[in-house]
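Each remark here refers to the structure printed beneath this line.
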Amino acid sequence: MRTAGFFLKTALTQLRRGGQRNLVAFLCVAFGVMSLVTMTTMAKSIEKMLVLKPYELIGGDLTLDRVGEDSISVVEENGLKELVTSGQISDYTMMDYSTSLSFRKPESGELYFPSIGMGVDTQKYPLAGNLTISDPVGKKMVELLNVPSDVIVTRDLALSYKLKVNDQIILSNLDYGQPLAVTIRGIASDTPNHQGSKIYYSHETSFALTGMERTANTVLVNTSQQDETAALLENSGWRVFTSQFLADATAAQEGAIAMVLNDIGLLGLLVSGIGIANTMQVLLKRRRKEVAIWKTLGYTAGKIQAMFVTEAALLGFSGSLLGAGLGVLLSYGLVGLFSRVTTVLIRWSFSPVETVSGLVIGTITTIIFAMWAIVSTSKIRPLALLRSEALVASQIPVGEGIALGVLLVIPFLGIAVWVLKSFLIGLLVLLGSIFGLIGLAFMLWILMLLVIKFLPLRRWSFGKISKINLRQRGLTQVIAMVALFIGVIMLALGAVITNSGQEVIGRLSGDTPTENLAIYAPISAEVDVIQELKNNDISEYSTGHLYRVKQILVSEESNIRLSTTLMARSDPGTAVIHGAEWGTRPDGVYAYPYSNIAIGSVLQITDINGTLHEVEVVGTFENGEQASWPGLNDKLMISMELGQKLGMASNSQFFLTLKPAELSSNLTKLGKALPQTTMLSMPEFQARYVRQYQNLFAMVAVMAGLSILAGLLLVANSVSLAMLDRRFEIGVLKSIGYSRWQVLFSQVVEYTLMSVVATFSALLIIWGLLALAGLFNDLLGSLLMLKPGTAGLIALTGIGFTVITVLWATWKPCNVSPVFVLNDRE
């Protein structure tokens with residue numbers, strides 16, 4: 001007990017006197033644990049969103065719809081009722097599922113687009129699972145949706161657009177254009193599948209939005225005979241998804257995200273471990289004389305190792321304590337960012353297990369990565385001290401080194417298995433991370449050797465010294481380059497994502513004439529719109545109508561059914577036509593992108609009255625440089641003449657080409673004059689993607705910041721070790737006339753060269769990938785870009801922080817008197 005107390009007291013004293021090098025080790029531990037706790041807490045929050053009971057995921061055992069049909073007919077619903085009567089299914093509920101919903105605030109013309117609008121039977125939805133209403137607390141859907149003007153919005157929409165209970169919004173289904181003033185009666189904090197960006201309303205609200213008597217297009221079914229019932233329904237023309245199938249797909253997707261986050265946390269721990277190992281070399285190298293004295297006094301290598309392990313454990317625990325606290329705070333912020341770039345209603349939740357395990361793992365990791373330096377230092381020969389010989393640590397024998405390496409790998413593999421919850425995945429991730437780091441480090445090391453070989457610095461003394469030192473530096477410096485490289489890659493990717501969105505907005509707001517305002521109107525308001533455009537001297541516009549038919553089949557493949565909505569236009573707008581030139585075949589159809597319908601195919605179109613029309617596919621269309629209007633990419637495009645032959649239009653659309661400077665004023669003016677229509681500004685429509693990109697960039701920037709921070713810590717670590725190795729060299733330089741600033745400058749030049757290689761190689765790789773994307777797709781090549789100014793700022797960030805870190809790490813060592821250094825060769 002007396003020995004343990006002495007070891008503890010000695011360890012505390014050494015930690016207190018360790019100064020800058022102990023601080024670097026402390027920060028390395030804190031960073032690794034912060035990364036681990038942040039990512040595992042985020043992963044835990046995501047895993048909690050996984051639905052344990054598959055039928056709760058979709059609100060029932062099966063979900064059904066009709067391929068190529070807009071709504072479920074009375075006959076098809078009667079078939080479901082017969083299955084209830086026979087006991088094949090226990091219950092069902094129908095839903096009006098829409099992805100064309102938009103809303104705006106009464107005082108604004110700006111449209112917002114939830115992912116999903118759902119008209120439901122308030123008495124039955126959901127058949128399973130929960131729709132949790134957080135405001136007003138404890139209320140049920142049936143209590144809140146009493147009239148067609150009542151809606152419920154999910155929590156993410158309420159937070160993003162500052163909506164609250166009793167606020168009024170204007171809803172509109174763009175496939176019909178009829179606006180409807182509604183009142184928010186509740187805010188849902190959770191949905192059966194944990195997906196947000198939804199607006200719930202009753203079937204009656206759907207009727208008011210569409211002007212149709214039947215709008216249900218999806219069915220939820222409860223049954224005790226899933227497989228048998230699914231087969232029966234499929235034979236009746238239904239498309240069926242089982243709850244187990246959807247649950248497996250969701251679990252795989254969200255489980256993959258959680259695993260990636262855990263992988264990142266583990267990688268951060270591994271990188272920090274390398275920093276810890278090198279820092280312990282720095283700390284223990286200066287204590288060889290102390291070890292020789294202990295051994296002269298009779299302390300065995302085992303006791304000395306126990307003393308250093310105690311010191312490493314204290315260092316690891318204190319660093320882990322700070323890292324765990326920072327990790328909890330950082331995970332809270334990252335969960336908030338993650339919820340803004342997805343529609344998942346993810347909630348941050350404090351996980352004591354992840355936090356405590358972070359403390360334990362951080363402490364164990366510190367000991368693991370310190371052990372090699374501890375064992376090596378404990379082998380100092382005490383006789384060297386008595387004979388005034390150089391105190392050099394004995395090399396660990398090969399056999400003992402292999403055994404020690406295995407003993408160190410096993411506990412870290414255990415940590416990987418614990419974090420990833422799988423031995424095989426833990427082993428693969430650990431090996432993949434190690435070999436990935438080795439491969440990337442080797443590439444950067446070779447690149448750095450090539451740069452210093454061909455860089456013309458021979459006539460510059462500082463450059464020459466830096467080149468020599470760069471060749472001699474060890475593993476820490478190369479790993480620091482890897483961390484800086486990854487950080488710059490992530491920052492550059494985030495910048496590319498944001499720049500592409502801003503480029504789209506810039507093109508829409510530029511001087512080139514393009515369609516930038518759409519008016520969606522019910523057929524009854526078409527004359528009013530035309531008159532109002534004439535009143536405002538607006539003559540440049542295209543028109544369109546949506547035509548609904550009963551069924552569309554491909555003659556050659558009758559099992560393929562297509563969307564029963566046709567888009568008729570007076571001209572193709574900004575779409576690029578392939579095949580027959582627009583206007584030369586007004587009796588033909590143009591297939592939408594990704595439909596895989598070959599030109600020359602014959603479509604069998606059954607109109608609303610049941611008349612069959614055979615129409616040839618005469619071409620295809622795709623988006624030009626301008627992004628498409630909502631709904632255009634999943635509808636066949638036809639001429640106005642053909643549309644009139646096929647039936648009656650369900651809405652009218654007008655696409656205006658206005659001067660960018662006049663867009664806002666015209667939007668306001670027309671919106672007030674035509675309250676029965678829905679106005680959509682293309683720049684505002686695209687701005688929503690830019691906002692998402694900005695949120696994504698913020699999250700990517702945080703991750704990049706963590707990587708750059710790891711690089712800077714390793715740079716500080718490398719510099720500290722270098723300054724210890726070069727004490728005599730620094731003393732010689734100062735003795736022959738080099739000033740402190742010149743010595744500092746030589747270190748700055750060396751590590752600036754290192755950061756330049758890491759930073760610019762990352763930027764060149766990004767530019768190479770963007771150029772490759774441009775070769776395959778001209779539109780991608782024109783939109784995806786990394787501007788030189790942005791790249792310069794990223795490079796300045798990486799290089800600038802490296803310079804600051806080097807100055808901090810070298811400031812004190814370079815201030816030591818050369819006389820003292822030359823007399824202290826240890």
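The values are calculated or read from the model by the stated rules, or taken from the named source; none is laboratory data. All values derive from a computational prediction rather than experimental measurement. Glycine gets a Cβ as well: all are built from the backbone with ideal geometry, and neighbour counts include every protein chain shown. Keep in mind that these areas ignore ligands, DNA and RNA; they rest on the heavy atoms of the full protein, side chains included. Shrake-Rupley method; radii C 1.70, N 1.55, O 1.52, S 1.80 Å.
Listing for the model above:
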quantity: Complete set of residues in region 595-617 that are touching a residue at least 24 places away in the same chain (Cβ under 8 Å) and within 18 Å of VAL576 (Cα to Cα); calculated: SER595, ILE597, VAL617
quantity: Flag if ASP607 is surrounded by 16 or more Cβ atoms within 10 Å (Cβ to Cβ) and acidic (Asp, Glu); calculated: yes
quantity: Check on THR514, outside any helix (DSSP H, G or I), open to solvent by 10 Å² or more (accessible area, probe 1.4 Å) and either under 30 Å from LEU267 (Cβ atoms) or modelled with pLDDT of 70 or more (or both); calculated: yes
quantity: Subset of region 106-163 [of a type in the set (Asp, Glu), farther than 22 Å from THR63 by Cβ and in contact (Cβ under 8 Å) with a residue 40 or more places away in the chain]; calculated: GLU110, ASP135, ASP150, ASP156
quantity: Conditions (1) under 21 Å from ILE597 (Cα atoms); (2) at pLDDT 85 or above; (3) open to solvent by 60 Å² or more (accessible area, probe 1.4 Å): number failed by TYR547; calculated: (3)
quantity: Residues (among the hydrophobic types (A, V, I, L, M, F, W, C) and not in a loop (DSSP other than H, G, I, E, B)) located in region 107-146; calculated: ILE116, MET118, VAL120, ILE133, MET141, VAL142, LEU144
quantity: Any chance GLY619 is open to solvent by less than 60 Å² (accessible area, probe 1.4 Å), touching a Phe, Trp or Tyr at 6+ places or on another chain (Cβ under 7 Å) and either more than 26 Å from GLN686 (Cβ to Cβ) or of a type in the set (Lys, Arg) (or both); calculated: yes
quantity: Some residue of region 785-798 being among the charged types (D, E, K, R), open to solvent by 20 Å² or more (accessible area, probe 1.4 Å) and modelled with pLDDT under 70; calculated: no
quantity: Selection within region 541-580 - assigned to a loop (DSSP other than H, G, I, E, B) and not aliphatic (A, V, I, L, M); calculated: LYS550, SER555, GLU556, SER563, THR564, SER570, ASP571, PRO572, GLY573, THR574
quantity: Residue match in region 526-535 (condition: at pLDDT below 80, crowded, with 21+ Cβ neighbours inside 10 Å and farther than 26 Å from GLU69 by Cα); calculated: no
quantity: Qualifying position, being modelled with pLDDT of 85 or more and either closer than 25 Å to GLU228 by Cβ or open to solvent by 20 Å² or more (accessible area, probe 1.4 Å) (or both), among SER149, SER71; calculated: SER149
quantity: Residue within region 359-366 that is out of contact with any strand residue (DSSP E or B) (no Cβ under 7 Å at 6 or more places or on another chain), within 30 Å of LEU159 (Cβ to Cβ) and part of a helix (DSSP H, G or I) present; calculated: no
quantity: ILE538 being outside any strand (DSSP E or B), of a type in the set (Val, Ile, Thr) and open to solvent by less than 40 Å² (accessible area, probe 1.4 Å); calculated: yes
quantity: Selection count where residues are open to solvent by 20 Å² or more (accessible area, probe 1.4 Å) and either more than 35 Å from the chain's Cα centre (by Cα) or at pLDDT 80 or above (or both), scope region 630-648; calculated: 6
quantity: Of all residues making up region 550-598, the number that are of a type in the set (D, E, K, R), open to solvent by 60 Å² or more (accessible area, probe 1.4 Å) and over 22 Å from ILE608 (Cβ atoms); calculated: 4
quantity: Checking GLU76 against (1) of a type in the set (Asp, Glu); (2) over 33 Å from the mean Cα position of the chain (by Cα); (3) modelled with pLDDT under 75; (4) in a helix (DSSP H, G or I), the condition it does not meet; calculated: (3)
quantity: Filtered residue count, region 173-202, keeping only those that are at pLDDT 90 or above and not charged (D, E, K, R); calculated: 12
quantity: Some residue of region 217-228 being more than 18 Å from LYS81 (Cβ to Cβ), part of a helix (DSSP H, G or I), of a type outside the set (Gly, Ala, Ser) and modelled with pLDDT of 85 or more; calculated: yes
quantity: Subset of region 225-238 (residues that are closer than 17 Å to THR93 by Cβ and either open to solvent by 70 Å² or more (accessible area, probe 1.4 Å) or among the aromatic types (Phe, Trp, Tyr) (or both)); calculated: TRP238
quantity: Verdict on VAL84 being touching an Asp or Glu at 6+ places or on another chain (Cβ under 8 Å) and part of a helix (DSSP H, G or I); calculated: yes
quantity: Set LYS645, LYS635: member being in contact with a His (Cβ under 9 Å, 6 or more places away or on another chain) and among the charged types (D, E, K, R); calculated: LYS645
quantity: Candidate set from region 200-224 (those that are open to solvent by 50 Å² or more (accessible area, probe 1.4 Å), in contact (Cβ under 8 Å) with a residue 40 or more places away in the chain and out of contact with any Pro (no Cβ under 9 Å at 6 or more places or on another chain)); member that is farthest from SER524 (Cα to Cα); calculated: SER224
quantity: Boolean, VAL291 is at pLDDT 80 or above and part of a helix (DSSP H, G or I); calculated: no
quantity: Qualifying residue in region 248-255 (condition: at pLDDT below 80, under 30 Å from GLY487 (Cβ atoms) and in contact with a helix residue (DSSP H, G or I) (Cβ under 9 Å, 6 or more places away or on another chain)); calculated: yes
quantity: Cβ-Cβ under 6 Å pairs, at least 6 apart or on other chains, region 675-686 side farther than 21 Å from LEU209 by Cα, far side open to solvent by 20 Å² or more (accessible area, probe 1.4 Å) and part of a helix (DSSP H, G or I); calculated: PRO683/ILE505; GLN686/VAL504; GLN686/ILE505
